[in-house]
Amino acid sequence: MDTPSSSAPSRRRPRRPWALSFFGLLAVAGLISMPILAGAPNGAKMPDMVRFLGHFHPLLLHLPIGVMVLILLQELGAIFFRRGQEIRRAPVFPMFFGAASAMLAVLAGFLLYHGGGFEDNPTAERHLWGGLVFAVLAVLTCIVRAWTAEPGSNPALYRLMLFVSVGVMGFASHDGASLTHGADYLTAYAPNPLRKILGLPERAPTPATPATVAAKPIEDQIVYTDVVAPILERRCVACHREGKVKGGVRLDSFETIIAGTKSGPILTPGDAAKSHMIALIELPPGDVDRMPKGDNPAPTPEEISILKWWIDQGADGTKTVKELAATPEITAAIATLAPVVAANPDATTTVAPAAPAAGPDAALAAAVAALTKEFPGAVTFESQESSAVTLSAASLRGTLDDAVFAKFAPVVPYLVTADLTASKLTDQGVSDLAAAKNLRLVRLAETPVTDAAIETLLRLPALESINLYGTKVTDAGVLKLVALPKLKRLYLWQTPVTPAAVATLREQLPNCEIVTGT
């Protein structure tokens, strides 16, 4: 009887990816359980580590997108260009890497979502669920790919799941882009023929900018429409509008501002001090909750004063500046926002704010002009009718030291606000402020000043707001501030000042808001 030849080919037993399947299904169970176990997002209860890890989401999300698209292109090439040919199928690793990177991106996105800022945002919630579904499908697709890796296996189920996974990925990615750039990001500049096909309204032609602009006198301007809304448009609406509702907050219309969020109102008509929106704007520099976020330009002191005044007056949507009885200070602040017009309401030629008239203030006007030439934007008149001067060192950070500040001596007696944040000013330089008897606001945040600077501040009885965030002041110095009768706001965040000293200050200054960050 013949025996099989030892040289006859033996059939290799196909490998079964049991381990990959087990751990893959375990990962799927974990992904599905995450939102169930975590519940509703509550950023206030999340530790900083959650936010830290969540911020890696924008970095990680590009990995699965690139890998999955590359695998899809490979399969399309096999379908259309190598049909009917026996081809060697690609290894499982690319699909494994795509599924693993999808899980990492979704986990970081999940932490980002629960870290706060996306509450009551349906687009963010849909994006989260879309990402979870995509990650689950990617893992299941990887398992199917592993079971159909042998030559001769039918790839139909694998390809079907791959196409579905990439489709879900596309929808989830679109929601993510909408969160970042707005819902109309892809179609904002689409030509009208394409907009018609997509069922979108036609874009109106952009009107040419007129040579002259018809404007209303300040007293006739509608406070919300002509003053408040433009401020919010410049500072806030880019992140808080239809299609891009961060934190559940929309500031692109009067109705959405008043409506607030599902978590509560964002402002309290009649009381700016209790309005959440103002509290976030006035947080010290560096605070993670401060608005606007990042490098977005913050509202100017004038803009903040206008917003607070509008809220204090009831946050009305139709009344004019005159009807809300604007103070001279508020009128002056409004005048800094845009050109004013002549007394004739029908005038169309704008008139730029003028410098103080010649005479007693001629020397001051000359000093301001000289300083403006050397330090553009650092000093300005509070209004065209006033000799009061405001100082902002925003453009001089890193260069403004005691010697440079001495050059401002001619205008110091006329200062009403002095923003010296993040400058190199020391206690010696602050002593030059002793001549600013009308100074109402001073910001010394993130400067090297100590308790010695407080001795100078005690000589300024008009002070209403002092920012000492990130300085070296101690209990011994700040307790002396009880001698300032008009003090309404004091920032002591990230200083050596103890809770006991803060408690004493609050007891002796009951009308002063003391911000400590705790």
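So Ile454 clears everything in (1) buried (at least 22 other Cβ atoms within 10 Å of the Cβ); (2) out of contact with any Lys or Arg (no Cβ under 7 Å at 6 or more places or on another chain); (3) under 23 Å from Thr504 (Cβ atoms) except one condition, right? Which one?
(2)
Under 31 Å from the mean Cα position of the chain (by Cα) and surrounded by fewer than 17 Cβ atoms within 10 Å (Cβ to Cβ), is that true of Lys480?
Working: under 31 Å from the mean Cα position of the chain (by Cα): no; surrounded by fewer than 17 Cβ atoms within 10 Å (Cβ to Cβ): yes.
So Lys480 does not fit the description; no.
Does any residue of the stretch 285-295 turn out to be modelled with pLDDT under 80 and outside the structural domain of Val223 (by TED's automatic domain parsing)?
No - not one qualifying residue is present in the stretch 285-295.
Taking Thr447 as meeting all but one of (1) modelled with pLDDT of 90 or more; (2) of a type in the set (Ser, Thr, Tyr); (3) surrounded by fewer than 20 Cβ atoms within 10 Å (Cβ to Cβ), write down the number of the exception.
Here Thr447 clears every test but (3).
Say we look at the stretch 249-269 and pick out the residues that are of a type in the set (Val, Ile, Thr) and not in a helix (DSSP H, G or I); which of these is modelled with the highest pLDDT?
Thr268
If the requirement is being part of a helix (DSSP H, G or I), assigned by TED's automatic domain parsing to the domain that holds Ala453 and more than 23 Å from Thr417 (Cβ to Cβ), which of these qualifies: Val482, Val502, Val478, Val497?
When all the criteria are applied, what remains is Val502.
Might you let me know whether the stretch 195-217 holds any residue that is at pLDDT below 75, under 30 Å from His57 (Cα atoms) and of a type in the set (S, T, N, Q)?
So far as the stretch 195-217 goes, no, none of its residues is at pLDDT below 75, under 30 Å from His57 (Cα atoms) and of a type in the set (S, T, N, Q).
Which of the following residues is under 22 Å from Leu468 (Cα atoms), surrounded by fewer than 19 Cβ atoms within 10 Å (Cβ to Cβ), at pLDDT below 80 and not basic (Lys, Arg): Ala362, Ala403, Ala394, Ala338? Walk me through how you get there before you give the answer.
Numbers: Ala362 fails: under 22 Å from Leu468 (Cα atoms); Ala403 fails: at pLDDT below 80; Ala338 fails: under 22 Å from Leu468 (Cα atoms).
Of Ala362, Ala403, Ala394, Ala338, the one residue that is under 22 Å from Leu468 (Cα atoms), surrounded by fewer than 19 Cβ atoms within 10 Å (Cβ to Cβ), at pLDDT below 80 and not basic (Lys, Arg) is Ala394.
Against the conditions (1) under 22 Å from Ala333 (Cβ atoms); (2) among the polar types (S, T, N, Q); (3) buried (at least 22 other Cβ atoms within 10 Å of the Cβ), where does Thr471 fall short? Just the number, please.
Answer for Thr471: the failing condition is (1).
Restricting attention to the stretch 232-248, and to residues there that are crowded, with 20+ Cβ neighbours inside 10 Å and at pLDDT 75 or above, which single residue is nearest to Ala298 (Cα to Cα)?
Arg235
Would you tally the residues in the stretch 156-181 being modelled with pLDDT under 75 and surrounded by fewer than 18 Cβ atoms within 10 Å (Cβ to Cβ)?
The qualifying residues number 2.
Taking the stretch 414-449 only, how many residues are assigned to a helix (DSSP H, G or I) and over 18 Å from Ala403 (Cα atoms)?
Final tally of qualifying residues: 1.
Of the residues in the stretch 496-515, how many are under 22 Å from Arg440 (Cβ atoms) and surrounded by 17 or more Cβ atoms within 10 Å (Cβ to Cβ)? Walk me through how you get there before you give the answer.
Of the residues in the stretch 496-515, the ones under 22 Å from Arg440 (Cβ atoms) are 505-506, 508-515.
From the residues that got through so far, the ones that are surrounded by 17 or more Cβ atoms within 10 Å (Cβ to Cβ) too are 505, 509, 512, 514-515.
Residues flagged as under 22 Å from Arg440 (Cβ atoms) and surrounded by 17 or more Cβ atoms within 10 Å (Cβ to Cβ) within the stretch 496-515 amount to 5.
The values are calculated or read from the model by the stated rules, or taken from the named source; none is laboratory data. None of the values given here were measured: they were computed from a predicted structure. Neighbour counts are summed over all protein chains in view; Cβ atoms, including those assigned to glycine, are modelled from backbone coordinates with ideal geometry.
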